[in-house]
Amino acid sequence: MNAIFLLYAREIKSRFTSPMIYILAAIFSGMLGYLFFSLFLEANRLQNISIESAVIRPLFGNINALLIFIIPLLSMKSFSEEKRQATINLLFLSPLSDRQIVTAKILSGAVVMVFFLTLTFIFPLILFMSGYQNTASILSGYIGVFLHGICCLVFSQFCSSLTKNTALAGILGIFGLLFFMSFSWTAQTSQNFLVSQIFDYLSLGSHYEPFSRGTIRSYDLVYYMSFFSFFWFLLMASLDSRNW
Amino acid sequence: MDAIVADNLTKTYPGKTALKNFNLSISPNTIHGFLGPNGAGKSTTMNILSGLIKQTEGKAYIMGKETLENSFFVRRNLGFLPEIPPLYGDMTVKDFLLFRARLYFTSKPKAKGQVDKALEKMNLKEVERRLIDHLSKGFKQRVGMASALIFDPPVLILDEPAVGLDPKSIVEIRKLISDLREGHTVMFSSHHLGEVEQLCDEITVIRDGRLVLSDSYGRVKKRFAQKKPFEILVKGEDQVLAKALDGYGDYRIVRQEDQKKTIVISPSQEEELAPRLCRRLVENGVDIFEMKRGETDLEEIFIDLMEKQ
């Protein structure tokens with residue numbers, strides 16, 4: 001536990017002293033702020049539409065969409081830079097297991113993601129100040145965003161572990177996640193019901209929407225847990241591949 | 001029990017055999033020099049011994065424990081300094097060493113004590129608050145050494161520890177390695193043959209992934225010295241000399257002044273010839289005025305071994 005904390009603390013310090021995180025945070029906040037403002041004005045204009053469908057659902061949808069780009073950019077250096085600078089050997093020579101290394105990296109990545117999510121807390125706060133009272137849908141929306149983000153994180157870290165090239169790791173992460181999102185398009189266009197259902201379930205983009213409606217389904221939780229576990233396993237295997 | 005053992009190690013990469021049936025034993029509390037030309041397989045061997053890469057065949061042992069099965073034992077007992085020291089450039093020297101120490105010692109005061117010792121030993125006090133990225137190559141190498149020594153491991157493997165350092169730092173690193181003799185087993189590779197000669201109790205020479213020689217430096221030196229020619233200043237007839245030196249090797253007269261002749265004889269046998277040769281010459285009525293043999297240094301031995309291969 002001590003070793004995980006040490007590596008986690010090092011990672012956090014390194015990430016928060018890099019200007020990259022603040023540049024991305026500014027872009028993330030700016031884009032969501034503009035979007036929220038537009039949605040909010042639109043909701044005021046259209047009287048016969050609920051705040052959930054006019055603001056909350058599109059807002060969470062867009063947070064999730066942005067995370068597909070932000071998280072790979074934040075995670076691309078995680079393993080690739082360590083490989084490039086050979087500092088990964090320092091970890092492999094230390095009394096740290098691969099599991100501890102992965103846990104510390106994922107934990108620090110999750111903290112960075114939570115930092116990004118805290119920047120969005122201003123939006124529900126404005127809604128509450130405007131009289132909106134359904135905290136459950138906001139809370140479940142954030143649970144959905146968190147689960148979606150964690151899946152993006154483990155996938156991006158896996159991509160980072162595959163190469164020494166940081167830019168390539170970022171590109172692999174973004175396009176890989178877009179690939180998982182694209183399954184829902186296949187599902188929509190498929191004529192076969194079974195194929196459509198399978199692709200819909202496999203799509204990363206099909207599972208966060210119920211959360212923003214205030215619905216937490218085991219169906220979606222199982223998907224997120226399976227996705228996370230599968231890429232965690234691949235990430236461990238990628239680190240272990242030095243022994244193959 | 002030997003501190004480091006390589007038992008029939010083979011490492012193959014697609015299209016290349018980096019190491020072929022390589023054997024090595026290093027006794028505890030010795031300094032072992034690891035020599036070979038570039039691409040001979042030194043770094044591969046060291047990486048396998050430290051557990052960083054896995055061998056294709058064979059086994060490696062550190063303090064009697066097989067490295068693959070006892071990975072955590074190896075990590076706690078072996079300090080490894082790779083050719084390019086792995087350092088976190090975004091940390092200060094002190095923070096980096098403290099991070100390394102805390103991975104081994106749960107007690108913070110103990111870890112801090114180790115860091116202070118390492119800073120002192122490696123003369124890093126003046127740069128302890130500087131970012132590693134901003135340090136010179138020499139200081140980075142010292143931080144790498146401090147990092148490898150931070151948990152006081154009984155076995156140390158150093159891959160070219162003095163490469164790229166200025167003369168002052170080289171002397172300091174050599175002194176440090178020499179000081180480690182007590183209670184540590186040190187294996188280090190180097191292209192500075194003088195350095196190896198000065199520090200090592202044992203040497204191993206590798207070429208093209210194969211073992212060329214592994215022995216105590218004293219024995220290697222003696223063995224090679226026996227092949228060196230004798231230069232003898234004698235007084236005697238040519239026929240007498242020919243008879244006396246028959247069977248000892250080729251000889252030639254290189255100088256002749258008055259009746260004294262300087263002869264150079266290259267011994268044909270690899271054994272200590274000097275006493276027998278003297279006796280034989282005297283028995284045959286040859287007067288000996290002077291007898292000397294050239295010194296053998298590691299450079300000569302190394303070049304001889306490489307040429308033979």
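Rundown of residues vs (1) part of a helix (DSSP H, G or I); (2) in contact (Cβ under 8 Å) with a residue 60 or more places away in the chain; (3) surrounded by fewer than 17 Cβ atoms within 10 Å (Cβ to Cβ), yes/no style:
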{"position": "A:R99", "(1), (2), (3)": "yes, yes, yes"}
{"position": "A:A104", "(1), (2), (3)": "yes, yes, no"}
{"position": "A:L117", "(1), (2), (3)": "yes, no, yes"}
{"position": "A:I150", "(1), (2), (3)": "yes, yes, no"}
{"position": "A:V154", "(1), (2), (3)": "yes, yes, no"}
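Applying the selection to the stretch B:100-120, what residues are out of contact with any helix residue (DSSP H, G or I) (no Cβ under 7 Å at 6 or more places or on another chain) and over 20 Å from A:A9 (Cβ atoms)?
Correct list: B:G113, B:D116, B:K117, B:E120.
Could you check B:V74 against (1) surrounded by 24 or more Cβ atoms within 10 Å (Cβ to Cβ); (2) within 11 Å of chain A (Cβ to nearest Cβ); (3) in contact (Cβ under 8 Å) with a residue 60 or more places away in the chain and say which number it fails?
Result: B:V74 passes all but (3).
Checking B:K243 against (1) touching a helix residue (DSSP H, G or I) at 6+ places or on another chain (Cβ under 7 Å); (2) farther than 30 Å from B:E197 by Cα: exactly one of these is not met. Which one?
In the conditions (1) touching a helix residue (DSSP H, G or I) at 6+ places or on another chain (Cβ under 7 Å); (2) farther than 30 Å from B:E197 by Cα, B:K243 misses (1) alone.
Among the residues of the stretch A:82-99, write down those that are more than 15 Å from B:P85 (Cβ to Cβ) and facing chain B (nearest Cβ under 10 Å).
Residues satisfying the conditions are A:P95, A:L96, A:S97.
If a residue counts only when it is aromatic (F, W, Y), which helices (runs of 4 or more DSSP H) contained entirely in the stretch B:193-280 have at least 1 such residues? Break it down into steps so the answer makes sense when it comes.
Working: elements: B:193-199, B:217-225, B:238-244.
Result: B:217-225.
Restricting the search to the stretch A:1-17, which residues are more than 8 Å from every other protein chain (Cβ to nearest Cβ) and over 13 Å from B:F99 (Cα atoms)?
Matches in the stretch A:1-17: A:M1, A:I12, A:R15, A:F16.
Can you give me the ranges of the helices (runs of 4 or more DSSP H) entirely in the stretch A:193-244 with at least 1 residues that are hydrophobic (A, V, I, L, M, F, W, C) and touching an Asp or Glu at 6+ places or on another chain (Cβ under 6 Å)? Show your work before the answer.
Values: elements: A:193-202, A:209-212, A:218-240.
Answer list for the stretch A:193-244: A:218-240.
Take A:I56 and tell me if it is more than 12 Å from the chain's Cα centre (by Cα), buried (at least 21 other Cβ atoms within 10 Å of the Cβ) and more than 14 Å from every other protein chain (Cβ to nearest Cβ). Steps first, please.
Values: more than 12 Å from the chain's Cα centre (by Cα): yes; buried (at least 21 other Cβ atoms within 10 Å of the Cβ): yes; more than 14 Å from every other protein chain (Cβ to nearest Cβ): yes.
So A:I56 passes the test.
Just wondering, is there one or more residues in the stretch A:216-234 that are among the hydrophobic types (A, V, I, L, M, F, W, C) and modelled with pLDDT under 90? Spell out how you get there, then give the answer.
Taking the stretch A:216-234 first, the residues among the hydrophobic types (A, V, I, L, M, F, W, C) are A:216, A:221-222, A:225, A:227-228, A:230-234.
Cutting the leftovers down to modelled with pLDDT under 90 gives us A:216.
Scanning the stretch A:216-234, I find at least one residue that is among the hydrophobic types (A, V, I, L, M, F, W, C) and modelled with pLDDT under 90, so the answer is yes.
Scan B:F188, B:F224 and give me the residue that is over 30 Å from B:N77 (Cα atoms) and touching a residue at least 40 places away in the same chain (Cβ under 8 Å).
Working: B:F188 fails: over 30 Å from B:N77 (Cα atoms).
B:F224 is the lone residue from the list that is over 30 Å from B:N77 (Cα atoms) and touching a residue at least 40 places away in the same chain (Cβ under 8 Å).
May I ask you to list the residues in the stretch B:97-131 that are more than 13 Å from chain A (Cβ to nearest Cβ) and either closer than 18 Å to A:I101 by Cα or of a type in the set (A, V, I, L, M) (or both)?
Answer for the stretch B:97-131, where residues must be more than 13 Å from chain A (Cβ to nearest Cβ) and either closer than 18 Å to A:I101 by Cα or of a type in the set (A, V, I, L, M) (or both): B:V115, B:A118, B:L119, B:M122, B:L124, B:V127.
Against the definition (within 10 Å of chain A (Cβ to nearest Cβ), in contact (Cβ under 8 Å) with a residue 40 or more places away in the chain and acidic (D, E)), how does B:E83 come out, yes or no? Step through it out loud before you land on a result.
Working: within 10 Å of chain A (Cβ to nearest Cβ): yes; in contact (Cβ under 8 Å) with a residue 40 or more places away in the chain: yes; acidic (D, E): yes.
Yes.
Look through the stretch B:86-95, keep the residues that are touching a Leu at 6+ places or on another chain (Cβ under 9 Å) and facing another protein chain (nearest Cβ under 9 Å), and return whichever of them is surrounded by the fewest Cβ atoms within 10 Å (Cβ to Cβ).
Start the filter on the stretch B:86-95 by keeping residues that are touching a Leu at 6+ places or on another chain (Cβ under 9 Å), which leaves B:86-94.
Among the residues that remain, those that are also facing another protein chain (nearest Cβ under 9 Å) are: B:86-91.
Values: B:P86: 20, B:L87: 22, B:Y88: 22, B:G89: 14, B:D90: 16, B:M91: 21.
In this case the residue turns out to be B:G89.
The values are calculated or read from the model by the stated rules, or taken from the named source; none is laboratory data. Note that this is a predicted model, so its numbers are computed, not measured. With ideal geometry, Cβ positions are generated from the backbone for all residues, glycine too; neighbour counts draw on all protein chains shown.
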